[in-house]
Amino acid sequence: MIDELKRRGIGMTSERTRTRLVERLRERGIRNEAVLEAIRATPRHLFVDEALASRAYDDTALPIGHGQTISQPYVVARMTEALLLDGVPERVLEIGTGSGYQAAILAQLVPEVYTIERIAFLARQAQRRLRELGYHNVRARLGDGYEGWASHGPFQGILLTAAPKTLPESLISQLAEGGRLVAPVGGRAGQELLLVRRINDGLQQQVLDQVSFVPMLGGLS
């Protein structure tokens with residue numbers, strides 16, 4: 001387990017710095033207090049390279065290697081808030097574990113989190129980090145996000161942290177009745193953050209924002 005002093009941080013990674021980030025998110029329109037508290041409680045400086053730790057609580061995306069990023073805190077909060085809009089889902093599937101930060105936020109808010117990463121190094125690193133930080137309700141594995149995790153579905157919530165050009169039908173099929181899917185969708189010309197609800201076996205789609213995510217790729221790396 002990671003010791004408490006390292007987890008709490010000092011200086012630019014301290015509780016005061018985290019509180020300032022939460023206040024900025026509140027000013028930008030995040031209203032779900034449980035989401036804001038999860039952001040405050042999560043040691044983002046432990047999810048980035050030590051050389052970037054002093055920037056961990058800036059409201060910006062940061063590189064984590066292998067052409068991937070840890071998402072901007074505002075975007076993480078916005079997506080998480082949308083996922084919880086109609087209530088707390090029992091089981092959530094995340095596509096694109098990356099550093100594990102989004103999974104850590106979800107782990108504090110929903111009973112079960114399943115997360116898939118296609119890049120072996122990031123998958124191993126995130127699994128170890130989540131375990132050391134005590135997020136025991138997260139199940140993580142190496143896999144192709146386009147396939148989802150059907151053996152543990154259907155999911156009341158699905159969240160994508162990379163942008164497919166169109167929503168994968170394989171993931172839509174794993175969304176439970178009444179469930180919500182939050183995903184950036186689009187290509188280089190532009191991406192939209194979508195909230196999709198499955199209602200009466202049909203889909204309702206809502207555009208939440210304009211965003212910029214790394215593209216969603218298939219296969220393993």
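Every number here is computed from the coordinates shown, using simple stated rules; none is lab data. Every value quoted in this text rests on a predicted model; they were computed, and no experiment measured them. Using ideal geometry, Cβ is built from the backbone for each residue, glycine included, and neighbour counts are taken over all protein chains shown.
Annotations
- Where labels lie 7 Å past Cα in the beta-carbon direction, separation of Glu37 and Asp144 in nm: 4.1
- With Rh defined as the Kirkwood radius, the inverse of the mean 1/r over Cα pairs, the Rg/Rh of the chain is 0.94.
- Annotation: the antiparallel percentage among DSSP beta bridges lying fully within the stretch 95-221 is about 60.
- Between the stretch 148-210 and the stretch 58-104, the Cα center-to-center distance that results, in Å: 14
- Phi angles across the stretch 104-117 convert, under the Karplus curve 6.51 cos²θ - 1.76 cosθ + 1.60 with θ = phi - 60°, into 3J(HN,Hα) values of 5, 4, 4, 4, 7, 10, 10, x, 9, 10, 10, 9, 10, 10 Hz, Gly and Pro given as x.
- For the stretch 65-125, the alpha carbon convex hull comes to 78 Å³ per residue, rounded to a whole number.
- Volume per residue that the Cα convex hull of the stretch 20-146 spans, once the total is divided by residue count, Å³: 99
- Percent of beta bridges antiparallel (DSSP, the chain, rounded to nearest 5): 50
- Ranking of Ile39, Ile95 by neighbouring Cβ atoms within 10 Å, starting from the fewest: Ile39, Ile95.
- Between the Cα long axis of helix 73-83 and the first principal axis of the chain there is an angle of about 40°, rounded to the nearest 10.
- Karplus-derived 3J(HN,Hα) values for the stretch 163-175, using 6.51 cos²θ - 1.76 cosθ + 1.60 with θ = phi - 60°, are 9, x, 5, 9, 5, x, 4, 4, 7, 4, 5, 9, 8 Hz; glycine and proline are entered as x.
- Net length gained if the chain between Leu85 and Lys165 were fully extended (0.36 nm per residue, minus Cα distance): 26.3 nm
- With q set to 0.10 Å⁻¹, the log10 of I(q)/I(0) for the stretch 87-205, from the Debye formula over equal scatterers at the Cα positions, is -0.28.
- Range in the chain, longest, excluding exposed trypsin sites (Lys or Arg not before Pro) [loop by DSSP; at most 11 other beta-carbon atoms within 10 Å]: 32-187
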